[in-house]
Amino acid sequence: MTDQPGLLEGLDPQQRAAVTAPRGPVCVLAGAGTGKTRTITHRIAWLVQRGLVVPQQVLAVTFTARAAGEMRTRLRGLGAHGVQAQTFHAAAFRQLRYFWPRVIGDELWPLTEQKFRLVTQAAGRLRLATDQDSVRDLATEIEWAKATLLTPEHYPASAAERGRECPVPPEHFTKVFEGYEKLKNSAKVLDFDDLLLHIAAILEENTEVAEQFRAQYRSFVVDEYQDVTPLQQRVLDAWLGQRDDLTVVGDANQTIYSFAGASPRWLVDFPLRYPNAEVVKLERDYRSTPQVVTLANRVIGAASPDRGAEGENTGSSGTELTLVGQLPDGPEPEFAAHDDEAEEARAVSRRIARLAGNGVPFSEMVVLYRVNAQSELYEQTLSEAGIPYQVRGGERFFARTEVRQAIAALRGAANRGNTGPGELPKVVREVLSEVGLTERAPSGGAALERWQSLNALAELADELAGQVEQADLTHYVAELDTRASAQHPPTVEGVTLASLHAAKGLEWDTVFLVGLVEKTLPIQYADGDEDAVEEERRLFYVGVTRARQRVRLSWSTYRGQGGGRKRRRSRFLRELDPAENSAPAPKSKRREKSAGSRRVREVHCRICSTPLTATADVKLGRCSGCPSDADEELLTKLRGWRTERAQQLRVPAYVVFSDATLLAIAEQRPDDSEALSRISGVGATKLERFGSDVLGLVNGSDHSGG
Ligand code: ATP
Ligand code: MG
């Protein structure tokens with residue numbers, strides 16, 4: 001038997017150890033770009049080539065359909081034909097199609113395309129809100145609960161234990177969840193998570209089926225194992241039975257789906273679960289230049305020491321695995337501040353054009369952003385510059401439901417009558433407010449994403465009005481139509497536009513990380529939740545480590561031209577280089593000229609009037625060094641009330657409100673729910689549940705204390 005050329009060549013000794021380890025448990029715990037994916041493909045090919053495993057008996061699972069496709073291609077290239085490489089869902093679907101008729105005696109129920117309708121129906125029967133955002137939040141929570149293996153009845157206690165913010169009171173959620181499952185079952189359809197739940201149950205409960213399955217599949221490989229959910233783990237356990245022929249690879253520092261129930265604890269605890277496992281750690285980074293690697297090490301090195309995903313110390317603090325760059329030197333990372341987002345996008349577009357002129361293919365460049373709504377500006381700017389691009393991950397902007405609804409409403413308004421000169425931005429905002437655009441951005445979740453899409457449409461009206469004096473609604477709708485159709489450029493050789501989440505596992509020569517401002521990265525709803533902020537940091541780390549050669553990190557001080565609220569660059573940048581980045585964004589003439597006529601809102605300390613910059617201080621409304629001006633009597637009452645409520649609800653006190661939130665309430669004495677909702681830690685759910693109690697205490701103590 002001859003060695004397939006290159007199967008062990010081009011691997012370092014640690015990678016080789018993982019590749020050639022005998023069948024049985026193998027765990028590769030290693031950082032980004034160290035060759036984990038390469039190692040597992042080579043391992044599979046090695047086992048196949050040596051005749052140690054039959055290709056049809058290997059099942060490799062990875063995170064996305066695209067990664068699975070790439071893995072199949074690479075395996076073919078290495079001479080291992082016939083190996084299955086799939087996502088968990090695709091593998092489960094295939095298996096269910098085979099076993100369901102035998103076990104259930106019926107054709108496999110189809111996947112539902114009506115999930116939203118079912119959730120809406122379930123919520124409607126309980127007289128809960130059924131607007132699009134509420135339903136989307138409920139659907140997300142159902143997905144989380146199923147991924148976490150929670151049944152409706154166990155949800156309230158488990159959610160409280162994990163400090164989970166439920167979109168509606170947990171006991172209502174239980175009913176929605178139950179109602180949804182019933183409706184789905186009577187319609188004889190399945191959702192995505194059901195695929196996993198059913199295959200696990202079938203294998204767990206039917207010895208004969210399990211035996212047949214286990215005779216077919218004997219060797220398992222999992223990539224990106226740090227993001228496995230309890231449900232996926234259950235499926236994996238069902239596949240394995242008592243066997244241990246399992247290779248896993250992952251990087252706890254790249255856990256970016258714990259918001260959806262994933263956890264790196266199975267990866268980190270693998271050696272405990274399989275004491276005989278071959279455990280390999282890789283440190284050499286083959287992907288990136290030393291300059292990129294240094295930046296990446298600093299990003300993750302700044303993580304809070306005991307804040308891995310789930311707040312456990314999972315070894316994902318960044319101190320355990322420090323990457324060592326193997327490539328020759330490359331350019332230093334660039335940091336760039338801009339006045340506004342349009343200017344930032346134009347700068348990125350110019351840079352792309354210049355690199356392309358120097359021979360870097362468009363397909364070797366990527367623009368990475370935090371939320372999909374950010375893609376619109378880059379689609380538009382690159383289109384205008386004639387640069388081909390493709391959007392990955394997330395629906396295309398013009399395909400989004402809220403955008404389609406908004407355009408329909410705008411078209412309707414244009415048909416009914418037109419606008420006078422200069423009225424366009426106002427009229428567009430009026431129409432958009434009918435489909436949900438509010439003046440202030442919502443605090444997070446689906447509502448925020450939706451808001452950002454609508455706001456992008458409103459800003460497009462500002463821009464058009466600025467460029468064409470006579471622009472009216474008809475002009476504007478025509479502009480939207482042109483953009484919608486023109487934004488399908490041939491995309492074969494294009495720059496990739498992708499969200500940070502969608503970029504996982506992939507690599508490019510040049511990476512543009514854009515929109516690096518507070519409230520976007522970390523995302524607004526992570527603020528005040530240390531674990532969520534740490535997940536955002538890991539997301540940033542995933543972004544940086546996609547680059548082979550070049551990283552450009554940029555942010556802009558204002559969202560649009562003409563100012564508005566000033567924004568601050570991401571805290572992750574401040575941590576990287578405080579000296580370099582303390583310089584303010586360059587001021588343009590326009591900015592200086594108009595500065596006097598615009599009020600930039602600054603928050604001042606209530607006690608000493610110093611302008612506040614630190615997030616924690618802004619929340620508190622005073623410098624952390626200034627004495628608290630809390631109403632002590634009120635604070636005592638609030639604490640007593642909290643203890644009582646926590647006992648009633650059988651949850652720890654902090655689940656009701658944290659100490660910091662109680663202190664902020666006692667200091668700021670909000671006298672209506674609007675003011676109360678502005679206090680950090682008081683989300684919509686808590687406002688609904690506890691708002692009237694708290695306001696009663698605040699207003700009551702006003703009278704008695706006054
Ligand atoms: P991520 O954590 O981002 O998924 P990874 O650990 O899976 O990264 P790979 O994608 O497997 O890393 O490898 C990163 C790059 O380094 C690839 O281009 C790969 O071909 C290359 N590479 C890996 N190992 C070696 C090696 N021993 N010699 C040369 N190049 C290597
Ligand atoms: Mg990989």
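The values are calculated or read from the model by the stated rules, or taken from the named source; none is laboratory data. No experiment lies behind these values; they were computed from the predicted model shown. Counting neighbours? That spans all protein chains shown, and the Cβs are built from the backbone with ideal geometry, glycine included. Calculation scope for accessible area: heavy atoms of the full protein, side chains included, ligands and nucleic acids excluded. Shrake-Rupley method; radii C 1.70, N 1.55, O 1.52, S 1.80 Å.
Key figures
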| quantity | calculated |
| --- | --- |
| Residue ID - farthest from the chain's Cα centre (by Cα), chosen from residues in the stretch 361-382 that are at pLDDT 90 or above and among the charged types (D, E, K, R) | E364 |
| Pair list, Cβ under 9 Å, 6 or more apart: the stretch 465-488 residue over 12 Å from Q380 (Cα atoms) and part of a helix (DSSP H, G or I), other residue at pLDDT below 75 and among the polar types (S, T, N, Q) | L473/N418; T474/N418 |
| Checking A441 against (1) in the same structural domain as T520 (by TED's automatic domain parsing); (2) in a loop (DSSP other than H, G, I, E, B); (3) touching a residue at least 60 places away in the same chain (Cβ under 8 Å), the condition it does not meet | (1) |
| Considering residues of the stretch 38-73 that are polar (S, T, N, Q) and under 31 Å from the mean Cα position of the chain (by Cα) only, the residue farthest from H89 (Cα to Cα) | T39 |
| Every pair of residues 6+ apart whose Cβ atoms lie under 9 Å, when the first sits in the stretch 276-288 and is among the aliphatic types (A, V, I, L, M) while the second is open to solvent by 60 Å² or more (accessible area, probe 1.4 Å) and away from ligand 2 (no atom under 13 Å from the Cβ) | V280/Q14; L282/Q14 |
| Search result, residues across the stretch 361-406 that are touching a strand residue (DSSP E or B) at 6+ places or on another chain (Cβ under 9 Å), open to solvent by less than 20 Å² (accessible area, probe 1.4 Å) and not in a helix (DSSP H, G or I) | M365, V366, V367, L368, Y369, V371, I387, Y389 |
| Test for Q216: is it away from ligand 1 (no atom under 14 Å from the Cβ) and without any contact (Cβ under 8 Å) to a residue 40 or more places away in the chain | no |
| Residue among V221, V168, V235, V176 that alone is buried (at least 19 other Cβ atoms within 10 Å of the Cβ), β-branched (V, I, T) and within 16 Å of ligand 1 (Cβ to nearest atom) | V221 |
| So R38, is it basic (K, R), open to solvent by 30 Å² or more (accessible area, probe 1.4 Å) and assigned by TED's automatic domain parsing to the domain that holds P230 | yes |
